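K.L.:
The structure is given below, and queries will be raised subsequently.
The values are calculated or read from the model by the stated rules, or taken from the named source; none is laboratory data. A quick note: this is a predicted structure, and the numbers were derived from the prediction, not measured. Cβ: placed from backbone, ideal geometry, glycine included. Neighbour counts: every protein chain shown.
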Amino acid sequence: MSSAGPDLETVMAVLHRDGYRCVRCDRPIVGERGVDWSCHHRTPRGMGGSKRPEVNSPAELLSLCGSGTTGCHGYVESHRAEALTNGWLVSRYSDPAAVAVLVDRGSRWVYLTESGYADDPPEEVA
């Protein structure tokens, strides 16, 4: 995976994991990537964040409707304190795999894994 963005295999794994729905509002993910929906990086990529090898791992990525300025992706980017509280954003000093995420219209807390959602953090970070 390059630092420019996740490869197609990773994007498809994230979409499948998230049920092809926006994790924040539960809208179906349809249309054009980067316009109608985004594979959102939970750790801000600015200030060196894109140099981390795990920047494009599934635990680092969420399916969100909209772009960086519209829809839920725009909301997350504009409401950073709430996004940090809800796990949609993660401090660059945190391990994203160890930070729970609020999904399903705010009804469920999960940890992101390669293949799906987990109710408990991975053992190596627990």
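K.L.:
All but one of (1) in contact (Cβ under 8 Å) with a residue 12 or more places away in the chain; (2) within 21 Å of Thr113 (Cα to Cα); (3) over 13 Å from the mean Cα position of the chain (by Cα) hold for Thr85, so report the exception by its number.
P.N.:
Single failed check for Thr85: (1).
K.L.:
Same structure, new question: Sort out which residues of the stretch 78-104 are under 17 Å from Cys65 (Cα atoms) and either among the β-branched types (Val, Ile, Thr) or loosely packed, with under 13 Cβ neighbours inside 10 Å (or both), and write them in order of number.
P.N.:
Answer for the stretch 78-104, where residues must be under 17 Å from Cys65 (Cα atoms) and either among the β-branched types (Val, Ile, Thr) or loosely packed, with under 13 Cβ neighbours inside 10 Å (or both): Ser78, Arg80, Val101, Val103.
K.L.:
Out of all the residues in the stretch 105-126, which are more than 19 Å from Cys65 (Cα to Cα), in a loop (DSSP other than H, G, I, E, B) and of a type in the set (Ser, Thr, Tyr)?
P.N.:
Those that are more than 19 Å from Cys65 (Cα to Cα), in a loop (DSSP other than H, G, I, E, B) and of a type in the set (Ser, Thr, Tyr): Thr113, Ser115.
K.L.:
Here are some conditions: (1) surrounded by 17 or more Cβ atoms within 10 Å (Cβ to Cβ); (2) among the small types (Gly, Ala, Ser); (3) in contact (Cβ under 8 Å) with a residue 24 or more places away in the chain. Gly68 meets all but one. Which one does it not meet?
P.N.:
Only one criterion in (1) surrounded by 17 or more Cβ atoms within 10 Å (Cβ to Cβ); (2) among the small types (Gly, Ala, Ser); (3) in contact (Cβ under 8 Å) with a residue 24 or more places away in the chain is unmet by Gly68, namely (1).
K.L.:
Let me ask you something else. Kindly provide the set of residues from the stretch 105-126 that are surrounded by 13 or more Cβ atoms within 10 Å (Cβ to Cβ) and of a type in the set (Ser, Thr, Tyr), ordered by number.
P.N.:
Listed by number, the residues that qualify are Tyr111, Thr113, Tyr117.
K.L.:
Out of the residues in the stretch 89-104 meeting the condition of being assigned to a loop (DSSP other than H, G, I, E, B) and touching a Leu at 6+ places or on another chain (Cβ under 8 Å), tell me which one is nearest to Leu61 (Cα to Cα).
P.N.:
Val90
K.L.:
Is the stretch 29-51 home to any residue that is at pLDDT 90 or above and over 18 Å from Gly5 (Cβ atoms)?
P.N.:
Yes, the conditions are met somewhere in the stretch 29-51.
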